Amino acid sequence: MDLGLKNRTVVVTGGSSGIGLATVRAALDEGAKVALCARGANRLHDVAGQLAAEYGAERVLAEAFSVLDADATTTFAAKVADTFGGCDALITNAGQGRVSTFADTSDTDWRDELDLKFFSQINPIRAFQGLLLQSGAGSITAVNSLLAYQPEPHMVCTSAARAGVQNLLKSLASELAPDIRVNSIVLGLVDSQQWQRRFDAREDQSQTRDAWYADLARRKAIPLGRLGRAEEAARALLFLASPAASYVTGAQLEISGGVSRFI
Ligand code: NDP
């Protein structure tokens, strides 16, 4: 199937690692021009250098900043417009989860988490909305978690914030229609730097990577028996973001190996 992304411009927030980087690569494989951002300049520029060598420097734009900085996000959008002439697909992927129960989540933690989850959507969407409108086939595709629908007590504030984000996206799907489609993927457990960090900090340091991941999949009762791969999340994201999904808006696609328990 042709996704219709050739020569289109795709913006991926949090594109230097994990799901974001897999999405950047998938978009470049489809012939798109790609702009990516992340906070860590060193890793971002290493990644951008590799991508430029593989796909051509004229198809890759990378800027280091936090999407929580509204001004920097607006400046990035202007640079994308200058470099590529517009934006057709915004993929809001930047972020991370917070592990904490209600008892050990302070007011500051709550505010930080709500800030991260909401403004990692709001800032890029505000900054790119005008360009997406001009595209004629504009789309916003958010990365969210199954925790929005199936909360976990050990990730209490992340779960609550993610539910709010799904609600926001549903409103935007109406407000921005018919010009810009708004969709999301909701993830279960996908192998990425986040899980690598948790593996590195494992209690039993003698446990191998394969054994630790297999044990995790068993404990989480994932029907497909393993964590997802970043490429598997990327393919779903890119489909929703692309003109191939032209009649899909206000939808969420679960990428979890079947872990949800609701219908
Ligand atoms: P990674 O840690 O591998 O990638 C996260 C990316 O986002 C990095 O490029 C990171 O770079 C960037 N980033 C983080 N915060 C910001 C910020 N404020 N501004 C700009 N860039 C930022 O993790 P994943 O690939 O797993 O995560 C991608 C998304 O998927 C996240 O939103 C995460 O919460 C979500 N998710 C992941 C799940 C999983 O199982 N993997 C499950 C549910 C949701 P840098 O640190 O340099 O800024």
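The values are calculated or read from the model by the stated rules, or taken from the named source; none is laboratory data. Just so we're clear, the structure is a prediction, and the values are computed from it rather than from any experiment. Quick reminder, even Gly has a Cβ in these numbers, built from the backbone with ideal geometry, and neighbours come from all protein chains shown. These accessible areas exclude ligands, DNA and RNA; they are computed on the full protein's heavy atoms, side chains included. Shrake-Rupley method; radii C 1.70, N 1.55, O 1.52, S 1.80 Å.
When the alpha-carbon atoms of segment 85-159 are used, the pair Rg, Dmax equals 15.2, 49 angstrom. Accessible surface area normalised per residue over the chain is 48 Å², counting heavy atoms of protein chains with a 1.4 Å rolling probe. About its Cα centre, the chain has a charge dipole of approximately 440 debye under the convention of +1 per Lys or Arg Cβ and -1 per Asp or Glu Cβ, with nothing else charged. Taking Lys and Arg as +1 and Asp and Glu as -1, the other residues whose beta-carbon sits under 12 Å from that of Thr101 total -2.
Distance between the modelled labels on Phe102 and Arg229, one decimal in nanometres: 4.1 nm (7 Å Cα→Cβ projection). Placing unit charges on the Cβ atoms of the charged side chains and taking the dipole of segment 106-175 about its Cα centre, the candidate lying farthest along the positive direction among Asn123, His154, Leu133 is Leu133. Multiplying the residue separation of Arg202 and Glu54 by 0.36 nm and subtracting their alpha-carbon distance yields 49.8 nm. The Ala214 and Arg261 beta-carbon pair, evaluated with R₀ = 22 Å, returns a calculated FRET efficiency of approximately 0.55. Cross-link partners of Lys220 among aspartates and glutamates, defined as those whose alpha carbon lies under 18 angstrom from its own and excluding same-chain residues fewer than eight positions apart: Glu152, Asp191, Glu203, Asp210, Glu254.
So, in Å, what gap is there between the alpha-carbon centers of segment 129-203 and segment 20-41? If you average the Cα positions of each part, the centres end up 17 Å apart. Remark: relative contact order (segment 1-104) = 32 percent; criterion is Cα-Cα distance under 8 angstrom and separation of 6 or more residues.
Working from Cα pairs under 8 Å separated by at least six residues, relative contact order for the chain is 21 percent. Peptides 230-237, 141-148 ranked from most to least packed give 141-148, 230-237, packing being the mean of other C-beta atoms within 10 angstrom over each peptide's residues. Loop-resident chymotrypsin sites (Phe, Trp or Tyr not before Pro) (DSSP state other than H, G, I, E or B) in segment 195-247 with no more than 13 further Cβ atoms inside 10 Å of their Cβ: Tyr247. At a Förster radius of 22 Å, what calculated FRET efficiency corresponds to the Cβ-Cβ distance of Asp179 and Ala70, to the nearest 0.05? Between Asp179 and Ala70 the formula returns 0.50.
Toward the positive end of the charge dipole of the chain, with +1 on the Cβ of Lys and Arg and -1 on the Cβ of Asp and Glu, the farthest Cα among Ser206, Val248, Gly40 is that of Val248. Which shape class, rounded, prolate or oblate, goes with segment 44-116 when its Cα gyration tensor gives a ≥ b ≥ c as root eigenvalues, a/c under 1.5 marks rounded, and past that a/b bigger than b/c marks prolate? Since a/c reaches 1.5 and a/b is larger than b/c, the shape of segment 44-116 is classed as prolate.
Most tightly packed first, judged by the mean number of other beta-carbon atoms within 10 Å of their residues, the peptides 250-263, 62-75 read 62-75, 250-263.
With axes computed from alpha carbons, what is the tilt in degrees of helix 70-84 against the longest principal axis of the chain, rounded to the nearest 10 within 0 to 90? That works out to roughly 50 degrees. Relative to a virtual label point 7 Å from the Cα of Arg126 in the Cα→beta-carbon direction, which members of segment 73-104 show backbone nitrogen distances below 15 Å? Only 73-78 pass the distance filter.
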